[in-house]
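Here is the structure we will look at, set down as structure tokens.
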Amino acid sequence: MHSDARTDAEKQLAKDVDKHVVEEEEADVRETLKETSGSGFALSGGEHETVEDNSPPRPAVLHEIIRRTGQQELSRGVAALAWSALAAGLSMGFSFLARAVLHRHLQDVPAGFLIEGLGYTFGFIVVIIARQQLFTENTLTAVLPVMTTPSWNQLGRLLRLWAIVLAGNLVGATMFALGLLKLHQFDAATQASFLDIGRELMHNTPFEMFSKGVLAGWIIAMMVWMMAATEQSRLTIIVICTYLIAIGGFTHIIVGSVEAMYMVFAGEISLTDAALRFALPTLAGNVVGGSLIFALISHAQVRSGSH
């Protein structure tokens, strides 16, 4: 009888010891998970993986993604760059076209300007999704390899890329503007809308062209940086960034070239005006905003964080 009682007590004691050991082990595990999470909350191994999967990439990762893309662009052949740039120049003409068509139908609509600005985004969507060569994108992507490993050879390749892409974009933009005017695809009211948008552009002084070009180049560079961080929201990022350029009245060298050349072919301005009052200051502004400001700051941020 006493023996049975001792056996039951020993069994209960063993259970209590085992329970205590388990509780201590669980407490140790919870404490370890808290320490590894860095937040004081207990997370399981699977939850840690979920956190990692949903964490945005570090700036250094984004920098490397864009740098590698830029390095690939620097290595492309002349013919491939030229044809892609020509296609981009033609595609960007649709930003001018879409905005003008909306402008023609929204002139009497309150806040119609805010709606017509959506048309401006169309050409950018086509060019970026189709991976065509756009000069203002290259002011960031192709500059990062040069900043990372600066050399005269890298600089020469950058200038070669810029020259080919800019020339191709401008030829495409000019061809599109000539086609809009000469092919008579639109009624008089829509043709008048093309002129309205062109006059709005040329109303800016050369300094305003430059300063607004800085902001446009900066926004495009931010767009490229954000798109490197996600695959799911690329379309949204393109629309938001380029829509801001439209409603802000900022100047973009390629879209603006379609507008300016349309004005030249229509006899509203001279080719000299298009070059000196619009193209040169806007080009300088886009390069400063995309390369000398955003790209330089982003590169410095990554370099500083690597030490």
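The values are calculated or read from the model by the stated rules, or taken from the named source; none is laboratory data. Everything quoted here is computed from the prediction, not taken from an experiment. Cβ placement follows ideal geometry from the backbone for every residue including glycine, while neighbour counts extend to all protein chains displayed. Heavy atoms of the whole protein, side chains included, go into the accessibility calculation; ligands, DNA and RNA do not. Shrake-Rupley method; radii C 1.70, N 1.55, O 1.52, S 1.80 Å.
Given the whole protein assembly as supplied and a 1.4 Å probe, what does the accessible area of residue 205 come to in Å², nearest 10?
Accessible surface of residue 205 is approximately 70 Å².
Counting pairwise Cα distances across the range 169-307, what percent come out greater than 27 angstrom?
Tail fraction, whole percent: 29.
Between residue 178 and residue 113, what FRET efficiency follows from the Cβ-Cβ distance if R0 is 22 Å, with the result rounded to 0.05?
Details: r = 27 Å, r/R0 = 1.23.
Computed FRET efficiency for residue 178 and residue 113 comes out at 0.20.
Quick one: with all protein chains in place, what share of the accessible area of the range 160-307 is carbon or sulfur, to the nearest percent (1.4 Å probe)? Mind dumping the intermediate values first?
Details: 4480 of 6440 Å².
Of all accessible area on the range 160-307, carbon and sulfur atoms account for 70 percent.
Which value, in Å² and to the nearest 10, is the accessible area of residue 197 when all protein chains are kept and the probe is 1.4 Å?
10 Å²
Please give the per residue accessible area of the range 169-242, computed with a probe of 1.4 Å over protein heavy atoms only, in Å². Spell out each step's value before the answer.
Numbers: 3520 Å² over 74 residues.
With the other protein chains kept in place, the range 169-242 gives 48 Å² per residue.
Note down the magnitude of the dipole of the range 129-260 about its Cα centre, charges +1 on Lys and Arg C-beta and -1 on Asp and Glu C-beta and zero elsewhere, to the nearest 20 debye. Please list the in-between numbers first.
On the way: 7 positive and 7 negative charges, 81 e Å.
For this selection, approximately 380 debye.
Order the following by accessible area, largest value first: 203, 105. Probe radius 1.4 Å; ligands, DNA and RNA are ignored.
Numbers: 203 150, 105 125 Å².
Final ranking, largest accessible area leading: 203, 105.
Could you put 212, 182 in order of accessible surface area, largest first, with the 1.4 Å probe and the full protein assembly present?
Numbers: 212 60, 182 115 Å².
The ranking, largest first, comes out as 182, 212.
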